[in-house]
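The values are calculated or read from the model by the stated rules, or taken from the named source; none is laboratory data. Keep in mind that this is a model prediction, so the values were computed, not measured. Cβ placement follows ideal geometry from the backbone for every residue including glycine, while neighbour counts extend to all protein chains displayed.
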Amino acid sequence: MVENANKITTKEAEKILFSLYQIQGKASRLPGEIDANFKIKVDKKNTYILKISPENSDENELDFQQSIVAFLADKNPALIAPRIVLDKNKKPISTIYLDKKTTLKVRLLTWIDGRIWSSVNPQLNDLRFSLGKKAGEITKTLQGFHHPKAERIFDWDIAQGLWTKKHVHLFKPEEKELVSYFLNRFENIQYECQKLRKSVVHNDANDNNILVSKDLINPKVTAIIDFGDAVKTQIINDLAVACAYAIMDKNDPLDAALPIIKGYHAAFALEEKELEFLYVLIAMRLVISVTKSAINKIENPRNEYLLISEKPAWNLLKKWRKVSPDFAHFSFRNTCGFNAHPDQEKFEKWSKEHPFSLTQLFPTINKKEIHHLDLSVSSTFVGHQKEFNNLDLFQFKIEQLQKEVPTKILAGGYLEPRNLYTSTEYDTIGNYGNQSRTIHLGVDFWLPENTAVHALFDGEVVIVENDIGDKEYGGLVVLKHQQTAFTFYTLYGHNTAQSVLKHKLGDVIKKGAQVAALANYPENGNWAPHLHFEITLSLLDYKTDFPGVAYLNQIDVWKSLCPDPNLLFKLKGFKENLIDVSEDILADRKKHLGKSLSLQYQKPLHIVKGANQYLIDAFGRKYLDTVNNVAHVGHENFNVVKAGQNQMALLNTNTRYLHENITNLAKELLETLPKELSVLHFVNSGSEANELAIRMIKACTNSDEIIASEHGYHGNTNGTIHISSYKFDGKGGNGKPKNTHIFPIPDTFRGKFRGENSGEKYTHEIQLLIDEIQQQNKEVGGFFIEPIISCGGQVELPNGFLQEAYQKVRKAGGLCVSDEVQTGIGRMGKTFWGFELHNVIPDIVTMGKPLGNGHPIAAVACTKEVAEKFANGMEFFNTFGGNPVSCAIAAEVLREVKRENLQENALKVGEFLKSGLQKLSEEFPIIGDVRGQGLFLGIELVDEQLHPLAEKTDYVINRMKYFGILMSSDGPDHNVIKIKPPITFTLKNAKEVIYYLQNVFSEDFMKQN
């Protein structure tokens, strides 16, 4: 017979179950610290949890737990919680005698179905909110519950946590320092904590006690079970426990805690005083956890359950130490609907009663009004990042603007979303991917170098420093201002060393005295001369610096902490920032634009700027762009932009005048093509290029019979839609015209023919179409295909297919067209043009948008023979095709590809990315195929039977957007994720894509069969 509860086998548990409850079921062991817990499966409808407590268990404590369960069921029947099952003698707690020496206590509860918290992936804000709400509901329901054992001495009660001090010696030096730090903070607040509201609470919302719904898209916490750690303690301790466990392994634990707190507050209103202590209480729960683990390593080294949260707890403690306690407190207040800073309203009231003038801040500048200077992410004044970084040019622009408004001070910036900061010192990886500080917290006043800055009120110097070239402030002074009911600080940045260093900590600067003088670059932090003026109600933990820019996801807290400086001046003309106008834009689109225009993503993005491989939204968030092959050499490539601007300032007209730009572009382009393709025609778009190719075919062959691939796409004109199966076989299409002949998409993964020799079989399909055309006494006109079929799902052509297809078409008298709109200009890596992958030379090559990096220019390259037959007397004229501006831009794109070795980059990064995706496919079989060349790749998602998984594909795309990575899908079944970024994409970018794809493919919805 066994000696204690933990050694009871599943067979013995089944015997105990039957003997006490007359229930026959299958037992399986569950984790537990003290009790032996078993899941009992009887049938599809009946499942239980059998809890067997050791012989030294206090029956009063067990009764305490059972009484809680009964109380919850009685007071709130709608609350999902275990129900007590009475034994055959109608008792809630049974006693069983294993032998004369061993007595065990047994309880049976109904089983609550669900997934345990630790098994749920991802754990997003809505789920964490539901956890907090469920915990709050339990606490609310337990109000009024009493039991003699509720106020027991209990190690896991945070309020009693100082017992851990005597075990600090068990830790390594760095661990000891960390634990001692939080113990000291707890000891300092313990007396005040004891005055907070108390109640019986669950006290153990850990990974294994939280049950989550089976909904994989929008899961919710359905129940919190196991009241073994319930205790009467401060209510806020219960929330601290829930937070401590649920924010482990998060990059930003504070951000992860906020929805839990918000949910708890929604169910059971928290008091402002309670939130003051929550930061330390969360840490104390972790201290108790790691101390218990240290003790259990000695006493129970084989019990893995007792050590399960040790490593995550240590990691969280280290991260939590880096969080400002005050900022955490303000964040807690904000998420509960209070002003983030307790003194916000006091300051706002005081500022209304104390108006100030700009002449008090700048007495040597006799100006009382401002002219708003917009430096936001969408500002046209800023221009290109490279221009902004040219400080001489920026200063010149400032001076020119000042001449336009000589009686006003240029000013602006409060809560302005900026993307101007090149320093990555404050960039982090948050819970939503990479994040940068982009929201400006002060007001900038742009004034001449050495302008004197004076104090608006008496203040004590609390920070003074001069970091020449510092990206944040340069010369900095911070003054402390003590009012009767509150304290606030003013910050003066970007000053001269001489004016700053004359102050010492503790100096008192009187109202009207000079604080500093404005510096020029590089002394002021590499900016044109200006004052960064900021107000804060707390310095947090900063001793030598203070943020002038904040993360967007924290901005509601910072708005309260750093109020608008214009509350002092009450000036007119400042622009209000952080206004979300996306819904207004969406409404205008619906009102004024055609319904056939689609938007990407379930919640569309408001993109206002591009920067190389990134797109940037109106709030300054950067999104890594894996989709826009149009921005071939990077969004807003500086050299390309300047080429267009410079030429646009001179001339833009049609090709009926001589201009060297068109011939220069022709030379650049022909250098990249086989000598056979020696004649060029310029148009405005890929659609126009393919339309012109169709005209050339008709002119050369006297036939409009076109052979094209299933699911191919060649443009949006009538002629190109007529040869685009992707369009006429799709929604709104009318099927193929009589003169269009479609062969099956040559897809060796899920196409009509697969495996070896599939190329021959697909070319045979082309021969069948040729035969069909000829049987109708018609001639073959031409053959259109992309070297990798893009809209068909990034489909690579089978080996040998294109060579044989060209031979058959040409033998029948037709022309071969390679549509290189998406595949050309170095994107393939191995070759400059896609057709070169197949060792063929087309009769006609079409190219489009990427040639102009998004500017509307395209081209048709053809053989001399085709060009001569096309020149049949009918003039070809395109008003803007080949205009000087477009040609200047396109030529610069080609030069940029060569100059920056971007074809080689596409090869290196593309092969790395493809290899990484192939490794992912080994880990996640849902990735059925990885294909493509260079930076033109596709991953197809299928089940075991190769059925397309469009829903999962859409899920991946939207989850990647959550992490700041833009992706899109294509293919006839919308199950192919296409990757075709600017060819400036880096290895670092590729690693980021692979990392987050691995995270997303690991999520529950993706693993569901």
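Brief remarks on what is shown
- Residue count for region 488-507 under the criterion of being closer than 23 Å to Val549 by Cβ and either within 38 Å of the chain's Cα centre (by Cα) or assigned to a loop (DSSP other than H, G, I, E, B) (or both): the result is 9.
- Restricting attention to region 938-954, the residues that are under 22 Å from the mean Cα position of the chain (by Cα), surrounded by fewer than 23 Cβ atoms within 10 Å (Cβ to Cβ) and of a type outside the set (D, E, K, R) total 1.
- Checked against the criterion of being buried (at least 17 other Cβ atoms within 10 Å of the Cβ) and among the basic types (Lys, Arg), the candidates Lys262, Lys214 yield just one match: Lys262.
- Every condition in (1) in contact with a helix residue (DSSP H, G or I) (Cβ under 8 Å, 6 or more places away or on another chain); (2) over 29 Å from Leu894 (Cα atoms); (3) of a type in the set (Val, Ile, Thr) holds for Val683 except the one numbered (2).
- Just one of the listed residues (Phe753, Phe743) is surrounded by 20 or more Cβ atoms within 10 Å (Cβ to Cβ), farther than 24 Å from Gly848 by Cα and not acidic (Asp, Glu), namely Phe743.
- Filter pass, Asp99 being at pLDDT 90 or above and among the acidic types (Asp, Glu): no
- Helices (runs of 4 or more DSSP H) fully within region 867-967 counting 3 or more residues that are within 30 Å of Ser1002 (Cα to Cα): 902-923, 950-962
- Qualifying residue in region 882-894 (condition: within 29 Å of Gly848 (Cα to Cα) and free of Cβ contacts under 8 Å to residues at least 40 places away in the same chain): no
- Of all residues in region 755-778, those that are under 17 Å from Val795 (Cβ atoms) have Cβ atoms under 6 Å from Cβ atoms of residues that are part of a helix (DSSP H, G or I) and not polar (S, T, N, Q), 6 or more apart or on another chain, in Gly759/Phe801; Tyr762/Phe801; Thr763/Phe801; Thr763/Glu804; Thr763/Ala805; Ile766/Ala805; Ile766/Lys808.
- So Ile662, is it under 21 Å from Thr740 (Cβ atoms), aliphatic (A, V, I, L, M) and more than 41 Å from the chain's Cα centre (by Cα): no
- Taken together, Ala205, Ala242 contain a single residue that is assigned to a helix (DSSP H, G or I), crowded, with 22+ Cβ neighbours inside 10 Å and at pLDDT 95 or above, which is Ala242.
- Those strands (runs of 3 or more DSSP E) lying entirely in region 366-482 with at least 1 residues surrounded by fewer than 21 Cβ atoms within 10 Å (Cβ to Cβ): 369-372, 408-412, 428-430, 433-435, 452-454, 459-466, 475-482
- The single condition among (1) surrounded by fewer than 22 Cβ atoms within 10 Å (Cβ to Cβ); (2) in contact (Cβ under 8 Å) with a residue 12 or more places away in the chain; (3) over 32 Å from the mean Cα position of the chain (by Cα) that Asn315 does not meet is (3).
- Taking the criterion of being farther than 30 Å from Phe396 by Cα and either at pLDDT 95 or above or among the hydroxyl-bearing types (Ser, Thr, Tyr) (or both), the residues of region 513-551 that qualify are Ala513, Thr536, Leu537, Ser538, Leu539, Leu540, Tyr542, Thr544, Tyr551.
- Count - residues of region 566-603 that are part of a loop (DSSP other than H, G, I, E, B), closer than 22 Å to Gln554 by Cα and of a type outside the set (A, V, I, L, M, F, W, C): 5
- Taken over region 798-849, the residue count meeting the criterion of being part of a loop (DSSP other than H, G, I, E, B) and out of contact with any His (no Cβ under 7 Å at 6 or more places or on another chain) is 25.
- Failed condition for Ile841, given (1) farther than 23 Å from Ile706 by Cβ; (2) in contact with an Asp or Glu (Cβ under 6 Å, 6 or more places away or on another chain); (3) of a type outside the set (Gly, Ala, Ser): (1)
- Test: Leu270 is at pLDDT 95 or above, closer than 20 Å to Lys133 by Cβ and in a helix (DSSP H, G or I): no
- Count of residues meeting criterion [assigned to a loop (DSSP other than H, G, I, E, B), surrounded by 13 or more Cβ atoms within 10 Å (Cβ to Cβ) and not hydroxyl-bearing (Ser, Thr, Tyr)] in region 349-365: 4
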